[in-house]
1. Hand me the list of strands (runs of 3 or more DSSP E) wholly inside the range 1-104 holding 1 or more residues that are under 14 Å from the mean Cα position of the chain (by Cα) and under 28 Å from Ala197 (Cβ atoms).
2. Which pairs turn up if I take residues in the range 176-205 that are over 25 Å from Gln99 (Cα atoms) and look for partners that are assigned to a helix (DSSP H, G or I) and among the small types (Gly, Ala, Ser) with beta carbon separation below 6 Å, at least 6 apart in sequence or on another chain?
3. Restricting the first residue to the range 15-29 and requiring it to be more than 10 Å from Arg4 (Cα to Cα), which pairs with a second residue that is of a type in the set (S, T, N, Q) meet a Cβ separation below 6 Å and a spacing of at least six or different chains?
4. For the structure I just gave you, tell me whether Pro79 is in contact with a strand residue (DSSP E or B) (Cβ under 9 Å, 6 or more places away or on another chain), under 26 Å from Gln200 (Cα atoms), open to solvent by 10 Å² or more (accessible area, probe 1.4 Å) and not aliphatic (A, V, I, L, M).
5. Can you work out which of the residues in the range 42-67 that are within 21 Å of Lys107 (Cα to Cα) and without any contact (Cβ under 8 Å) to a residue 40 or more places away in the chain is surrounded by the fewest Cβ atoms within 10 Å (Cβ to Cβ)?
6. Kindly indicate whether any position in the range 143-159 is exposed (fewer than 15 other Cβ atoms within 10 Å of the Cβ), in a helix (DSSP H, G or I), at pLDDT 90 or above and not acidic (Asp, Glu).
7. If a residue must be among the charged types (D, E, K, R), under 17 Å from the mean Cα position of the chain (by Cα) and more than 23 Å from Gly78 (Cβ to Cβ), how many such residues does the range 163-221 contain?
8. Within the range 168-183, which residues are in a helix (DSSP H, G or I) and surrounded by fewer than 19 Cβ atoms within 10 Å (Cβ to Cβ)?
Amino acid sequence: MTIRVILADDQAMVRDGLSAVISAAEDIEVIGEAANGKEAVELAKRLKPDVVVMDVRMPVMDGLAATGQIVSPDDVEGPKVLMLTTFDLDEYVYEALSQGASGFLLKDASTEELVNAVRVVAAGDALLAPSITRRLIADFAGRRRHERPRPDATAALTSREIDVLRLIARGMSNIEIAQELFLAEQTVKTHVGRILAKLQLRDRTQAVVFAYENGVVADTPR
């Protein structure tokens, strides 16, 4: 299937560059472009893309607010948002993920990384630039004990599922988690599905947010 993409960036030159790079992939098609968040929201409602590649800083409506309007927690088949920015700032990461973004990639990423990110997000997976993931882990690992998990937050999960959740929050793929925990990849997939179902989460991105907000990552060895 062809992945249908909308590009949202206030700089026409950037949009042209992104369009050329993404459209070169045989399985991806750019179906619309927006110069601000408001236009992105309108295009997403009208064209129903698979992925919106969204800049953070834009006039009229920024990418964070636009993401909140595009992504619906009740619509797992709806558009996914990949945030693309030059600003490697933690507050953007937190807000973007909280608003429902499925990925966060820096603009200095390579062509291959960008195309792969679109594919990963379209498939319903979560993607964070490795440097951002490491910083998030370091931040949450240093939280004070009173900010550690609430007993009721993870009560529904088994100890193995909590282990898997911690590794999801570290940005690991199913294969990497399987290797880390000495499990079969299919077993990891089963654990991930149960975690999402028990916590009533839409996807792995929401699992990352849950882990951070409830301090689950704080107990992960650095």
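The values are calculated or read from the model by the stated rules, or taken from the named source; none is laboratory data. These numbers were taken from a predicted model, which means no experiment stands behind them. Heads up, the Cβs are rebuilt from the backbone with ideal geometry, glycines too, and the neighbour counts pull from every protein chain shown. Accessible surface is based on the protein model in full, side chains and every heavy atom, while ligands, DNA and RNA are left aside. Shrake-Rupley method; radii C 1.70, N 1.55, O 1.52, S 1.80 Å.
1. 51-55, 80-85
2. Glu185/Ala178; Val188/Ala178
3. Close Cβ pairs (under 6 Å, with a partner that is of a type in the set (S, T, N, Q)) amount to Val21/Thr111.
4. Against the criterion (in contact with a strand residue (DSSP E or B) (Cβ under 9 Å, 6 or more places away or on another chain), under 26 Å from Gln200 (Cα atoms), open to solvent by 10 Å² or more (accessible area, probe 1.4 Å) and not aliphatic (A, V, I, L, M)), Pro79 qualifies.
5. Let us first name the residues in the range 42-67 that are within 21 Å of Lys107 (Cα to Cα), namely 50-59, 61-67.
If we keep only those that are without any contact (Cβ under 8 Å) to a residue 40 or more places away in the chain too, we end up with 61-62, 64-65, 67.
Numbers: Met61: 18, Asp62: 19, Leu64: 21, Ala65: 16, Thr67: 30.
By that ranking, first place goes to Ala65.
6. Within the range 143-159 (the criterion being exposed (fewer than 15 other Cβ atoms within 10 Å of the Cβ), in a helix (DSSP H, G or I), at pLDDT 90 or above and not acidic (Asp, Glu)), the answer is yes, since at least one residue qualifies.
7. Matching residues across the range 163-221 total 2.
8. Ile175, Glu176, Gln179, Glu180, Leu181
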